[in-house]
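S.K.: First, the structure itself, so that you have it in front of you.
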Amino acid sequence: DIALVPLKQVPMNLFLMYMIGNTLSLFPIIMTVMMFKSPFSSLFSYKTTFQKLEGSHHILQKMVFILSNFILIAMALYKCNAMGLLPIHPSDWIAFALPKTRMEYVVGGTVLMS
């Protein structure tokens, strides 16, 4: 039952993603940060979570727990993408683009080759 706790958060996070919308304001950004914080904090403390469990299914339960937290992280990344916070378009990296070099210059109707 401990391994399924993050999967029980998926419907709630889906509802929150729908309700907060894709606008850039304080409330949606705080909710998106909380959607990141919860799975990361549970991933970093999984040893204390599974400290009480022993047995042959111990590894399988850890794998389900970690996979379900990665699902929550993927949902938070999708929300960031929908809000336009992830730099995935070429225009997001325009500051690092090199200017195009011209192959030829036109001055007064004559062509000067460089």
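We did not get these values from a lab; they are worked out from the coordinates using the rules stated. Please read all numbers here as calculations on a predicted model, not as lab measurements. Note that we place each Cβ from the backbone using ideal geometry, even for glycine, and neighbour counts take in every protein chain shown.
S.K.: Where in the chain lies the longest segment free of trypsin sites (Lys or Arg not before Pro) that are both loop residues by DSSP (not H, G, I, E, B) and have at most 11 other Cβ atoms within 10 Å?
M.R.: Looking at the chain, 1-51 is the longest stretch - no exposed trypsin sites (Lys or Arg not before Pro) with at most 11 other Cβ atoms within 10 Å.
S.K.: Any idea how far the Cα center of segment 59-88 sits from the one of segment 12-57, in Å?
M.R.: First find each Cα centre; the distance between them is then 9 Å.
S.K.: Projected onto the charge dipole of segment 8-114 (+1 at Lys/Arg Cβ, -1 at Asp/Glu Cβ, origin at the Cα centre), which of PRO87, TYR18, GLN51 gives the Cα projection farthest towards the positive end?
M.R.: Among PRO87, TYR18, GLN51, the one farthest towards the positive end of the dipole of segment 8-114 is GLN51.
S.K.: Compute a Gaussian network model of the chain, connecting alpha carbons closer than 10 Å, and tell me which residue from THR49, THR23, THR101 fluctuates the most.
M.R.: Taking springs between Cα atoms under 10 Å, the residue moving most is THR101.
S.K.: Looking at the chain, how many pairs of lysines come closer than 18 Å at the Cα, when each pair is eight or more places apart or spans two chains?
M.R.: 6
S.K.: For the chain, what does the equivalent ellipsoid look like in terms of its semi-axes, each the square root of 5 times an eigenvalue of the Cα gyration tensor, given largest first in whole Å?
M.R.: After diagonalising the Cα gyration tensor, the semi-axes are 49, 19, 10 Å.
S.K.: How much length, in nm to one decimal, is gained on full extension between LEU67 and ALA82, taken as 0.36 nm per residue of separation minus their Cα-Cα distance?
M.R.: Using 0.36 nm per residue and subtracting the Cα-Cα distance, I get 3.1 nm.
S.K.: Taking the Cα centre as origin and putting +1 on Lys and Arg beta-carbons and -1 on Asp and Glu beta-carbons, what dipole magnitude results for the chain, to the nearest 20 debye?
M.R.: So the magnitude is around 160 debye.
S.K.: Taking only DSSP H segments of four or more residues, each worth -39500 (n - 2.57), what value at 222 nm results for the chain once the sum is divided by all its residues, to the nearest 500 deg cm²/dmol?
M.R.: So the helix-based figure for the chain works out to -17500 deg cm²/dmol.
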